[in-house]
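First the structure, in the form of structure tokens, and then the observations on it.
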Amino acid sequence: MLEIKGLASISPLGHLNEFRKDPLLFLSDLYQQYETIVSFRFAHRKIHLLLEPDLIKEVLVSKQNSFHKSKPFQEMKTLLGEGLLTSEDDFHMKQRRLIQPSFTKQHVQTYAEKMTMITEEFITSWGDDEERLTSRDMMELTLAIIAKTMFSMDMKQGHEKVGKHLDVIMNIATKRIRSVLKSPLALKTPQNKSLTEAIKKIDDVLYEIIKNRSNLDTQNDLLEVLMRARDEESNEGMSNQQLRDEAMTIFLAGHETTANALSWCLYLISQHPDKAKLLYEEVDRVLGKKRADYDSMKDLIYTQQMIWESMRLYPPAWLISRKAMNDVTIGQYKVHKGETVMMSSYIMHRSEKYFTNADEFIPERFQNGKVQGVPEFVYFPFGGGPRVCIGNHFAIMEATLVLATLVKHYSFELVSNHHKVEAEPLITLRPKNGLRMIVKKRK
Ligand code: HEM
């Protein structure tokens with residue numbers, strides 16, 4: 001057994017303040033110095049940062065039974081209840097088995113047409129040479145897509161109804177995750193009140209959808225699958241609370257991440273005119289005047305390479321963490337019950353050890369979502385193992401069809417007086433203070 005090297009700290013908070021100040025810098029610095037595994041403390045919590053792909057694979061795949069989701073996800077339970085992202089063990093497996101068929105590669109194809117049509121409709125209101133808050137646009141668009149494909153719901157004014165409340169929740173949840181002392185939610189502090197109100201607003205929307213779904217035969221969507229499901233033993237259906245938790249989970253997990261992936265992609269395109277030219281050429285050649293559809297996916301190769309590469313540099317789910325449920329050995333190291341392991345795709349994706357010119361945007365390095373010669377679990381934007389992102393095929397298809405449809409009609413430039421674009425590592429990795437772009441009609 002090898003000893004895990006640890007960072008010393010005399011502060012009662014350990015390294016929490018350094019992490020809070022700039023998480024990406026804190027973790028990148030550790031990678032430069034340690035390369036395999038390193039420990040530190042957030043107050044009383046012992047954390048191990050895994051920097052070797054084999055260790056990451058053990059935690060996510062072969063030893064996954066010894067780990068549960070850790071603190072950030074526990075915090076997210078306030079919002080998500082016992083949905084797929086936050087539940088554990090047998091209950092999680094049961095729900096996953098139920099939901100999985102709606103997300104197979106074959107099944108998600110059936111959503112392609114809706115994705116493109118919603119995007120086309122979404123951009124009809126855009127002008128020529130118009131300044132837009134593109135990061136907000138991407139959130140609204142992906143929210144509309146998830147609402148329509150999963151719940152057959154037309155999400156007009158998605159930002160007003162759901163998006164802005166999710167923003168409030170994500171910001172407060174991030175603060176709570178990073179603080180040592182938190183007020184119990186029952187205490188009516190201004191922050192707790194905002195959180196409870198925001199959750200209530202989204203709950204109202206979700207319970208309304210559930211209530212209005214009386215005719216189960218008409219919609220072939222996820223909500224129908226959930227409502228039809230029966231417990232193998234008791235033959236009981238899901239309670240409204242459970243339906244709400246799964247719906248809330250899909251709403252949140254299914255739009256914010258893809259929106260960020262698209263925003264980062266548009267940003268990178270705006271910074272690399274030579275790559276943008278190749279993208280426009282491909283989209284014009286493959287689509288011509290027709291709409292992007294599932295068949296065009298096989299020819300939108302550069303478009304997909306751009307998405308994989310954008311998610312390498314800016315992985316929307318930039319940090320995955322787990323808590324050990326028992327003493328467990330990973331590699332040659334002992335992790336004790338109750339300790340946390342962290343795995344950061346942001347750090348691994350920028351490793352010079354595995355990627356040539358790691359900080360540069362080079363979409364061509366990807367072939368079928370992989371970079372030749374790079375071992376498994378160096379690039380893991382969707383996590384891995386039994387808890388790998390259930391929406392991975394959905395997300396790749398959505399991002400490809402949306403990006404192709406956007407650049408078929410528009411080009412994207414940052415506004416000239418834009419603030420310095422920086423990554424903001426909240427629960428997902430967002431462009432800090434948004435992304436303002438000039439959209440110009442291409443034809
Ligand atoms: C680019 C877009 C996306 C990225 C980068 C992404 C990333 C991830 C990652 C890394 C995980 C694993 C978290 C962990 O192990 O702790 C995850 C889980 C999950 N994702 Fe995604 N996701 C994306 C899109 C989606 C979409 C479109 C949906 C649904 C429509 C979705 C639904 C989920 C769910 C339900 C889980 C929990 C799965 C489980 O624990 O069984 N995601 N996602």
Q.
Looking only at residues that are over 22 Å from TYR294 (Cα atoms) and within 16 Å of the ligand (Cβ to nearest atom) in the range 100-139, which one is modelled with the lowest pLDDT?
A. MET139
Q. Looking at LEU279, is it more than 26 Å from the chain's Cα centre (by Cα), buried (at least 17 other Cβ atoms within 10 Å of the Cβ) and more than 16 Å from the ligand (Cβ to nearest atom)?
A. no
(Q) Quick check on this structure: which one of VAL168, VAL180 is at pLDDT 80 or above and either assigned to a loop (DSSP other than H, G, I, E, B) or on the phi < 0 side of the Ramachandran plot (or both)? (A) VAL168
(Q) Considering only residues that are in contact with a His (Cβ under 9 Å, 6 or more places away or on another chain) and in a strand (DSSP E or B), which ones fall in the range 409-438? (A) ARG436, MET437
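Residues being among the hydrophobic types (A, V, I, L, M, F, W, C), surrounded by 18 or more Cβ atoms within 10 Å (Cβ to Cβ) and either in a helix (DSSP H, G or I) or more than 6 Å from the ligand (Cβ to nearest atom) (or both): count how many of those fall in the range 382-399.
Step one: list which residues in the range 382-399 are among the hydrophobic types (A, V, I, L, M, F, W, C), which gives 382, 388-390, 394-397, 399.
Still in the list and also surrounded by 18 or more Cβ atoms within 10 Å (Cβ to Cβ): 382, 389-390, 394-397, 399.
Among the residues that remain, those that are also either in a helix (DSSP H, G or I) or more than 6 Å from the ligand (Cβ to nearest atom) (or both) are: 394-397, 399.
The qualifying residues number 5.
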(Q) So, in the range 127-157, how many residues would count as being closer than 25 Å to HIS418 by Cβ and either charged (D, E, K, R) or over 17 Å from the mean Cα position of the chain (by Cα) (or both)? (A) 11
Q) For the range 332-350, which residues satisfy the criterion of being assigned to a loop (DSSP other than H, G, I, E, B) and surrounded by 18 or more Cβ atoms within 10 Å (Cβ to Cβ)? A) GLU339, SER344, ARG350
(Q) I'd like to know if the range 120-127 contains one or more residues that are without any contact (Cβ under 8 Å) to a residue 24 or more places away in the chain, in a helix (DSSP H, G or I) and among the hydrophobic types (A, V, I, L, M, F, W, C). (A) yes
Q. Can you find even one residue in the range 360-381 that is closer than 23 Å to PHE42 by Cα, surrounded by 20 or more Cβ atoms within 10 Å (Cβ to Cβ) and away from the ligand (no atom under 12 Å from the Cβ)?
A. no
Q: Find all pairs meeting these conditions: Cβ atoms under 9 angstrom apart; at least six residues apart or on different chains; first residue within the range 75-94 and of a type in the set (Val, Ile, Thr); second residue part of a helix (DSSP H, G or I) and within 9 Å of the ligand (Cβ to nearest atom).
A: THR86/PHE73; THR86/HIS92; THR86/THR249
Q: Only residues that are of a type in the set (Ser, Thr, Tyr) and under 14 Å from LEU2 (Cβ atoms): list them for the range 30-62, please.
A: TYR34, THR36, SER39
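Go through the residues of the range 422-430 one by one and say whether even a single one is over 30 Å from LEU79 (Cα atoms), within 16 Å of the ligand (Cβ to nearest atom) and among the aliphatic types (A, V, I, L, M).
Here is the first cut: in the range 422-430, the ones over 30 Å from LEU79 (Cα atoms) are none.
No, because not a single residue in the range 422-430 is over 30 Å from LEU79 (Cα atoms), within 16 Å of the ligand (Cβ to nearest atom) and among the aliphatic types (A, V, I, L, M).
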Q. Just wondering, is there one or more residues in the range 305-325 that are outside any loop (DSSP other than H, G, I, E, B), touching a helix residue (DSSP H, G or I) at 6+ places or on another chain (Cβ under 6 Å), acidic (Asp, Glu) and under 29 Å from PRO431 (Cα atoms)?
A. yes
Q. Of all residues in the range 64-75 being surrounded by fewer than 19 Cβ atoms within 10 Å (Cβ to Cβ) and more than 11 Å from the ligand (Cβ to nearest atom), which is modelled with the highest pLDDT?
A. ASN65
**Q.** Conditions (1) at pLDDT below 95; (2) farther than 13 Å from GLU309 by Cβ; number of the one not met by GLY369
**A.** (2)
Q) Hey, among the residues in the range 400-428 that are hydrophobic (A, V, I, L, M, F, W, C) and at pLDDT below 95, which one's surrounded by the fewest Cβ atoms within 10 Å (Cβ to Cβ)? A) LEU426
(Q) I'd like the full set of residues that are away from the ligand (no atom under 12 Å from the Cβ) and not in a loop (DSSP other than H, G, I, E, B), limited to the range 76-88. (A) LYS77, THR78, LEU79
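Out of SER70, SER39, SER9, SER28, report the one residue that is of a type in the set (S, T, N, Q), over 30 Å from ILE99 (Cα atoms) and within 23 Å of the chain's Cα centre (by Cα).
SER28
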Q: Report, by residue number, each residue of the range 338-371 that is within 15 Å of LYS63 (Cβ to Cβ) and out of contact with any helix residue (DSSP H, G or I) (no Cβ under 9 Å at 6 or more places or on another chain).
A: GLU339
(Q) So, in the range 80-111, exactly how many residues are in contact with a helix residue (DSSP H, G or I) (Cβ under 7 Å, 6 or more places away or on another chain), more than 16 Å from LEU222 (Cβ to Cβ) and of a type in the set (A, V, I, L, M, F, W, C)? (A) 0
Q: Determine whether THR78 is within 24 Å of the chain's Cα centre (by Cα), surrounded by fewer than 19 Cβ atoms within 10 Å (Cβ to Cβ) and of a type in the set (Val, Ile, Thr).
A: yes
Q | Residue count, the range 242-260 (criterion: under 16 Å from ILE307 (Cβ atoms), over 8 Å from the mean Cα position of the chain (by Cα) and within 6 Å of the ligand (Cβ to nearest atom)) | A | 0
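The values are calculated or read from the model by the stated rules, or taken from the named source; none is laboratory data. All figures in this text were calculated on a predicted structure; none of them were measured in a lab. Please note: Cβ atoms are built from the backbone with ideal geometry, for glycine as well, and neighbour counts cover all protein chains shown.
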